[in-house]
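Right, one structure below, let's go through it.
The values are calculated or read from the model by the stated rules, or taken from the named source; none is laboratory data. What you are looking at is a predicted structure, and each value in this text was computed from that prediction instead of being measured. Quick reminder, even Gly has a Cβ in these numbers, built from the backbone with ideal geometry, and neighbours come from all protein chains shown. We work out accessible area using only protein heavy atoms, side chains counted, and drop any ligands, DNA or RNA first. Shrake-Rupley method; radii C 1.70, N 1.55, O 1.52, S 1.80 Å.
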Amino acid sequence: MPNDMNDNGGRIKNIVSPPAASSTQPRLAVNAQKHDELKLLINSRNPIITVETTEEDRFEGLLQTLSADLGIPLFTWTITTGMTKWKGSPIYGTDELEQALANIALIHGEGIFLLCDVARYCDNDHVARRLRDLADAFRTERRSLVISAASIKLPPELECESVSFDLGLPDANELLPGVNQVIAQVGHDQRLPITLDVSGIAQLAHNLVGLPEQEALRTLRKCLLAHGKVDAALIDAVLDAKHSLTREDGLLEAVRRDASFADVAGLQHLREWVAKRKSALTPEGQRFGLAPPKGILITGVQGCGKSLVARAVAGEWGIELARLDAGSLYDKFVGESEKRLHRALDLAEKLSPVVLWIDEIEKAFASAGTSGDADAGLSQRLLATLLTWMQDRQSIVFLAATSNNIRALPPEMLRKGRFDEIFFVDLPNAEIRAQLFTLHLKKRGRDAAAFDVQKLASAVEGFSGAEIEQAIVAGLYTAFSQKQQLSTEIVLAEIRDTRPLSVTRKEDIDDIREWAKPRTVPAD
Ligand SMILES: Nc1ncnc2c1ncn2[C@@H]1O[C@H](COP(=O)(O)OP(=O)(O)O)[C@@H](O)[C@H]1O
Ligand SMILES: [Mg+2]
């Protein structure tokens, strides 16, 4: 992948912070957007800033850069070291949090006070009172208490004094220095051959996006030791390792690109649309002024390749594919679902350029269109989050959504300008049905020339692609049990035994066709 596509369309540039004074950490690159967000919070005199993160070192690195940049001294308190001034010595008598807070009250002038893991002490009345007193005094100057912990729940009286800052996961540029360091170190220790060039190493960093920094570097180290070489195959190994790690999270799953347009029969118009827009992802196309496409919605008859073609877009464009599991968004805690969706969309932007695949999108947002439903409020808020994001995002995240029941979707989603195009996938015609037989016979190691494909194609009028595939699969079982080779006759017998959905659910299909005609573009 060209390097220029990694910087989120030029929006986020990264700067390198000075090395941490006393640690052996790799030089950390700081995300300029996060740097600016936090700077704004400090400059606007927020007395308490909370940060929920497990990446303490990375966050401290960001604060160090910011402290140098703003010329405001940085103090850090932890239970083991007490309070220390950055690049200075520990402050005597600050082991206890309460003493440290009393000390902070005595330090005059501007300051950033990072308090690690203090969330758990905030229930202590003395501590809570001191924090509130400090917050009161802090409002007039650039003095901020920054509370960082894996999870923070402040008492209500402190909650209303505080703002939260989302550190997010590192992007490829932030990971790059660590990646280089791990390669240099493991490569040297194990005397590994290194044949990967600079763009290959950048790709490695990109493939680790989605993981916290230390986990990313650990994964790389593990893959390096197992693989024994720094070569092109390591890039894939790292991607596989990340996929198996992110799968556990369940929300946004990086999917291996296993489908391409070669696997899809028909849908010619949709395929041409997609193929034509590939150039908008290239630096040349962008220089020419092509705007990257935003997304498509694919609807239509069940089993006709909607999910397949959505997945295949990533293969066609040679970019990553990530699936958003809309069902797993729902959380019983108020506000948690929106947070999860934000996190997933955030991550998708980090993976850019990427195809974000939301299958059966109506499942997450359907009730947003109806009122009176218990879930309606929640799905409305989720929908609003998604629509705002669709409007605002700058990075190349192409949304490929499918829907079996577009009628269930709220009208806001279908309004002009949301999706670049809404495609309707209908039952295949005779020519495409023949292609479907050829394709799926070949997929199972059979030569289509040995079959009467035309005869088969005319026998399956009204069948979907999935039903045609199913007839072949069932035929293979029959042939095997009869100790015969698969033949046209055997498949025809299976076809005669099948009642396709277009027969059993004729009204439904006529109905969606009718509805879709004026509102969508035919995929074929
Ligand atoms: N147009 C097609 N070309 C190739 N295979 C198809 C096509 N339509 C359906 N299939 C086969 O049927 C399976 C199910 O199709 P799918 O994409 O899940 O349908 P949908 O999402 O429209 O319900 C696919 O994985 C594929 O094997
Ligand atoms: Mg589907």
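Relative to the longest principal axis of the chain, what angle (0 to 90°, nearest 10) does the C-alpha long axis of helix 306-317 take?
Between helix and principal axis, roughly 60 degrees.
Can you list the residues, at least 5 places off or on another chain, whose amide H is less than 5 Å from the amide H of Leu167, using H built in the peptide plane?
Long-range HN contacts for Leu167: Glu52.
Percent of accessible area on the chain owned by carbon and sulfur, 1.4 Å probe?
Answer for the chain: carbon and sulfur cover 51 percent of the accessible area.
Strictly over 31 Å apart at the Cα level, which of Lys278/Lys443; Lys34/Lys276; Lys34/Lys416 would you flag in this model?
Table pairs above 31 Å Cα-Cα are Lys34/Lys276; Lys34/Lys416.
Using a 1.4 angstrom probe and counting only protein chains, how large is the accessible area of His227 in Å², to 10?
The accessible area of His227 comes to roughly 60 Å².
When the helix-only estimate is applied to the chain (DSSP H runs of n ≥ 4, each -39,500 (n - 2.57), divided by the residue count), what is the mean residue ellipticity at 222 nm, nearest 500 deg cm²/dmol?
Helix contribution divided over all residues of the chain: -14000 deg cm²/dmol.
Over 26 Å between C-alpha atoms is what I'm after, so list which of Lys294/Lys350; Lys363/Lys517; Lys455/Lys483; Lys39/Lys222 land there.
As for pairs spanning more than 26 Å Cα to Cα, those are Lys39/Lys222.
For a quick check: with amide H placed at 1.01 Å from N, whose amide H comes under 5 Å from Ala254's, ignoring anything fewer than 5 positions away on the same chain?
Here Arg323 satisfy the definition.
Using a 7 Å offset from the Cα along the Cα-to-Cβ direction at both Asp136 and Trp515, what is the distance between the two label points in nm, to one decimal?
Computed distance between label sites Asp136 and Trp515 equals 6.0 nm.
Pairing the Cα long axis of helix 465-481 with the longest principal axis of the chain, what angle in degrees results, from 0 to 90 and rounded to the nearest 10?
70 degrees
On C-alpha positions alone, give me the angle between the axis of helix 430-443 and the longest principal axis of the chain, in degrees, nearest 10.
For 430-443 against the chain, the angle is about 70 degrees.
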